[in-house]
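To start, the structure itself, in structure tokens.
The values are calculated or read from the model by the stated rules, or taken from the named source; none is laboratory data. In this text, all values refer to a predicted model and were calculated from it rather than measured experimentally. As a convention, Cβ positions derive from the backbone with ideal geometry for all residues, glycine included, and neighbour counts pool all protein chains shown. Areas reflect the complete protein model, heavy atoms only, side chains present, ligands, DNA and RNA absent. Shrake-Rupley method; radii C 1.70, N 1.55, O 1.52, S 1.80 Å.
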Amino acid sequence: DARTHAVDVRPRGQRGAGVGWFRVDASREEMGGEAQPHGPATSEEMAAAKIPIALRDACAHLLIPLNKCRQKTFYMPWECEHERHEYEKCQYIEYKKRSKDAKAAAAAKLEHH
């Protein structure tokens, strides 16, 4: 579901009336909806991509293309921004899920005592 919306490209302190807007096409995920993982990477895919065991989680399927992009662009910090953003967003969503689960478990534990 692609939509067009306006983006203010000026730094926060300089926003307001005037020039600095342009239009972009964006998907629902890019406009603030949560990007759902397309499915976990298999153990074989993660091993082939040489993903460290500590990073083999629900977001590893996004780390594989990010690392390929990083290697292709010699780790230039301004390259692969989209891939890095998607990976970090997935990590954040997973963190929020773990936090919610931990709070629910703590609440359940308090109810039983």
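Odds and ends about this structure:
- Amide H to amide H, with H built 1.01 Å from N, Ala41 comes under 5 Å of Ala60, His61, counting only residues 5 or more places away or on other chains.
- Gyration tensor (alpha-carbon) shape descriptor, region 34-83, a/c threshold 1.5: oblate
- Gain on full stretching of the segment that runs from His82 to Asp57 - 0.36 nm per residue minus C-alpha separation: 7.0 nm
- Mean Cβ count within 10 Å, highest first, over the residues of peptides 85-95, 59-69, 44-54, 100-110: 59-69, 85-95, 44-54, 100-110
- Point-to-point label distance, Gln71-Leu110, nm (Cα→Cβ direction, 7 Å offset): 4.8 nm
- Sorted largest first by accessible area at a 1.4 angstrom probe radius, with every protein chain in place, the residues Thr42, Thr73 fall in the order Thr42, Thr73.
- Rounded to whole Hz, the Karplus (6.51, -1.76, 1.60) HN-Hα couplings of region 85-91, x for glycine and proline: 4, 4, 5, 5, 5, 4, 4
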